[in-house]
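Down below is the structure, laid out as structure tokens.
The values are calculated or read from the model by the stated rules, or taken from the named source; none is laboratory data. Remember, it's a predicted structure, so these values are computed and weren't measured experimentally. Positions of Cβ are backbone-derived with ideal geometry, glycine not excepted, and every protein chain shown enters the neighbour counts.
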Amino acid sequence: MITRLLVANRGEIARRVFATCRRLGIETVAVHSDADAGLPYVAEADVAVRLPGNAPADTYLRSDLILDAARRTGADSIHPGYGFLSENADFARAVVAAGLTWVGPPPETIDAMGSKVRAKEIARAAGVPTLEAPEHPTEADLPLLVKASAGGGGRGMRVVRRLEDLATEVAAAQAEAASAFGDGTVFVEPYVEQGRHVEVQVVCDELEDGETGVLVLGCRDCTVQRRHQKVVEETPAPGLPVITRADMEEAASRLAQQIGYRGAGTVEFLYDAAADRFFFLEMNTRLQVEHPVTELVWGVDLVELQVAVAEGRSLGGQRGPGAGPDTVFQGAGHAVEVRLYAEDATYTPQSGRLLALEVGHDVAFGLGGDRGIRLDSGFASDDEVGTHYDAMLAKVVSWAPDRDQALRQLVRALRGARIHGITTNRDQLVSILTDEVFTTARMTTTWLESRPTDAVEVDRATVVAGALMLAADDAARRTVQQGIPAAWRNVVSQPQRTTFDGHDPVEWWGTRDGFAVDGMVVLEVSPTHVRLEVDGVAVRADGLIAPGAAAGTREVWVDGPGGSVGLREVPRFTDPADAVASGSLLAPMPGTVVKVAVADGQDVGAGDVVLVLEAMKMQHSVTAPSAGTVTVNVTTGQQVAAGEVLAVVEPPVESPEGDNA
């Protein structure tokens, strides 16, 4: 029996595993980098061990440090979570060799499925359909997809639409894969443009005769993706023919039996809806990020099942080859999960202090009744979000008797959430969930790429509310003349003006009766909320002013009648020292310079890559905005802050007209 379990991971997945451990009476051990020391999962563990440093290679990928932490804390088992070392067979072997219980599949099966090239060979041998690319592709074979043989999550993955780009994209994929997984091996396969991503959840145990018992827990649809990373997941997969679902589950079962799998795993398929065909993509030999939707529909705790298998207990799953759908558990209802990322509309990761993260929910990290909202979060209000790891803040999951109700609940929960301090993809998630393409289940894996960028229309009342909150905050901070109305003037010559970046100025007056705004009736104002009457309708906006900034440079986060928005005050006067030279290339986010592609003083053309930044496990190319001569201000390996000037491209000097010298 497992008595003390160490989770070799961080954030949300560590909290998820700890939740099951607490319910089962198992003590818990957390490991953490310096950047993660203040996160909730560290405080929730019974004991915690520091892994010095921040970079994954120095912390969560150091198997020796994790094993030493297990030894020092008396842990008798290790759960790898997902990502980092979760699919590292050598780490699994080291855990077993140390006399600890490995809460995961046998190392041999991790090896078998860890290489996507070898996994395809095994899948073919098991009779599972696979995609194959020609050894020497031609124009007729385009588009192609370059994929990392190890790892996943969209890293080390590139779409190739021109043959002349193949070598460059292979090299880029190799570099990203090597950085993320320590293995730069990649392969090429045909790219199905209009496909859907459907996967089958299996949990396997060992039967008395040594054979593999397979418990199949339905199909999940993970089609909605950005940059090949999942954004929305749901189960059951909508619009999937019953026969096709049964064939997928049968194929997943055969593959699991073929390799003698144990524990929780997911077999992923690319589904071509037009032809009603599916192809094997890979098998993830770990718990998936999206596992909560399966738990809520099937009424199972997948972490508990992982622990049961690791302890050698039987699950009572399906027996023998050719077994059909499961007979032990029965799914009921529908569940949809969204991943709340710290990123902007262009998918650029964001960092900083999370001033507020409040999402109304019924359960956290667990099961509930027949409907509700579940929140699995790695962060809490006032936590610092860095750039060393994945940009996901939380998973918000809705479940209900049917898909329409689950979607309605989820949209309501997202719209009502208070998320302040960092830009997130919350608005995009709401837009996706209410898009007719999604509601009618016509999405494909490339849908988000072709979908127009959502136009952000901020309700005017919300902007006005933000300006009034700042004015009320100014008044509340006064130490003299506190009885005089804010912005009071004996002789009024003009209104007060508050300007936010990207918005029209807000004009308001301070009167004997309080604040006044043309076109609206101001009912109530404080630094934290405002009530306005617009066209006879009373509305309320709540807000949070970011602490620490001086007047004229403040930020206020407002949850108003038209949605939520972060408003940055524009100072009346700009300090010349803050001016940025024309042609400056600014860091779009905090990160590490992993490559400087040009030499100082080199001539570049518009669109040429000047340098590459790495943040949150993704690489971002910084390109020249125009032709010119580049001055480079950074070096490879340097840490940079958001907005830092990385390089300057000076346009070529034109010769005077008529000068032929």
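Check A173, A167 and return the single one that is farther than 30 Å from V397 by Cα, surrounded by 20 or more Cβ atoms within 10 Å (Cβ to Cβ) and small (G, A, S). Please lay out each step first, then the result.
On the way: A167 fails: surrounded by 20 or more Cβ atoms within 10 Å (Cβ to Cβ).
Just a single option satisfies the conditions, and that option is A173.
Filter segment 271-292 down to the residues that are touching a Gly at 6+ places or on another chain (Cβ under 6 Å) and either surrounded by fewer than 24 Cβ atoms within 10 Å (Cβ to Cβ) or outside the structural domain of Q306 (by TED's automatic domain parsing) (or both) and list them by number.
D272
State which residue is farthest from V506 (Cα to Cα) when the search covers only segment 451-475 and only residues that are free of Cβ contacts under 8 Å to residues at least 24 places away in the same chain and among the aliphatic types (A, V, I, L, M).
Top of the filtered list is A455.
Just checking, how many residues over segment 84-102 are touching a helix residue (DSSP H, G or I) at 6+ places or on another chain (Cβ under 8 Å) and of a type in the set (G, A, S)? Break it down stepwise before answering.
Looking only at segment 84-102, we keep the residues that are touching a helix residue (DSSP H, G or I) at 6+ places or on another chain (Cβ under 8 Å), and these are 84-85, 87-96, 98, 100-102.
Now drop any that are not of a type in the set (G, A, S), which leaves 89, 92, 94, 98.
Qualifying residue count for the region: 4.
Filter segment 131-167 down to the residues that are touching a residue at least 40 places away in the same chain (Cβ under 8 Å) and part of a strand (DSSP E or B) and list them by number.
Residues satisfying the conditions are L144, L145, V146, K147.
Looking at segment 192-202, is at least one residue buried (at least 22 other Cβ atoms within 10 Å of the Cβ) and among the polar types (S, T, N, Q)?
yes
Name the single residue, out of those in segment 333-370 being farther than 15 Å from G299 by Cα and acidic (D, E), that is surrounded by the most Cβ atoms within 10 Å (Cβ to Cβ).
E337
Filter segment 354-370 for residues that are more than 30 Å from P452 (Cα to Cα) and not in a loop (DSSP other than H, G, I, E, B); which is nearest to the chain's Cα centre (by Cα)?
Only one residue tops the list, namely A364.
Return the total of residues in segment 493-524 being surrounded by 11 or more Cβ atoms within 10 Å (Cβ to Cβ), in a loop (DSSP other than H, G, I, E, B) and acidic (D, E).
Number of matching residues: 0.
Residue-wise test of (1) among the aliphatic types (A, V, I, L, M); (2) within 27 Å of F573 (Cβ to Cβ); (3) assigned by TED's automatic domain parsing to the domain that holds A541.
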{"site": "V492", "(1), (2), (3)": "yes, yes, yes"}
{"site": "W509", "(1), (2), (3)": "no, yes, yes"}
{"site": "G514", "(1), (2), (3)": "no, no, yes"}
{"site": "M520", "(1), (2), (3)": "yes, no, yes"}
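If a residue counts only when it is small (G, A, S), which strands (runs of 3 or more DSSP E) contained entirely in segment 525-631 have at least 3 such residues?
Numbers: elements: 529-534, 537-545, 555-560, 563-568, 584-586, 591-596, 609-615, 618-623.
Of the strands (runs of 3 or more DSSP E) lying wholly inside segment 525-631, those with at least 3 residues that are small (G, A, S) span 537-545, 563-568.
How do the strands (runs of 3 or more DSSP E) wholly within segment 1-61 filter down when requiring 3 or more residues that are within 25 Å of R339 (Cβ to Cβ): which remain?
Here the list reads 27-32.
Which pairs do you get when a residue that is outside the structural domain of A14 (by TED's automatic domain parsing), found in segment 295-314, comes within reach of a residue that is surrounded by 23 or more Cβ atoms within 10 Å (Cβ to Cβ) and of a type in the set (G, A, S), reach meaning Cβ atoms under 6 angstrom, with the pair 6+ apart or on two chains?
L296/A335; V297/A335; L302/A264; Q306/G263; Q306/A264; V309/G263
Any residue in segment 122-130 that is surrounded by 14 or more Cβ atoms within 10 Å (Cβ to Cβ), assigned to a loop (DSSP other than H, G, I, E, B) and not small (G, A, S)?
Within segment 122-130, the first condition is being surrounded by 14 or more Cβ atoms within 10 Å (Cβ to Cβ), and the residues that meet it are 122-123, 126, 128-130.
The next check asks that each one be assigned to a loop (DSSP other than H, G, I, E, B); those that pass are 126, 128-129.
If we keep only those that are not small (G, A, S) as well, we get 128-129.
Yes: segment 122-130 contains one or more residues that are surrounded by 14 or more Cβ atoms within 10 Å (Cβ to Cβ), assigned to a loop (DSSP other than H, G, I, E, B) and not small (G, A, S).
Among the residues of segment 215-272, which ones are more than 30 Å from V160 (Cα to Cα) and assigned to a helix (DSSP H, G or I)?
V242, I243, R245, A246, D247, E249, E250, S253, R254, A256, Q257, Q258
Starting from segment 198-215, keep only residues that are in the same structural domain as A252 (by TED's automatic domain parsing), then list their pairs with residues that are of a type in the set (K, R) and assigned to a strand (DSSP E or B) whose Cβ atoms are within a distance under 6 Å, requiring at least 6 positions of separation or different chains.
Here the result reads E199/R220; G213/R319, each pair linking segment 198-215 to a residue that is of a type in the set (K, R) and assigned to a strand (DSSP E or B).
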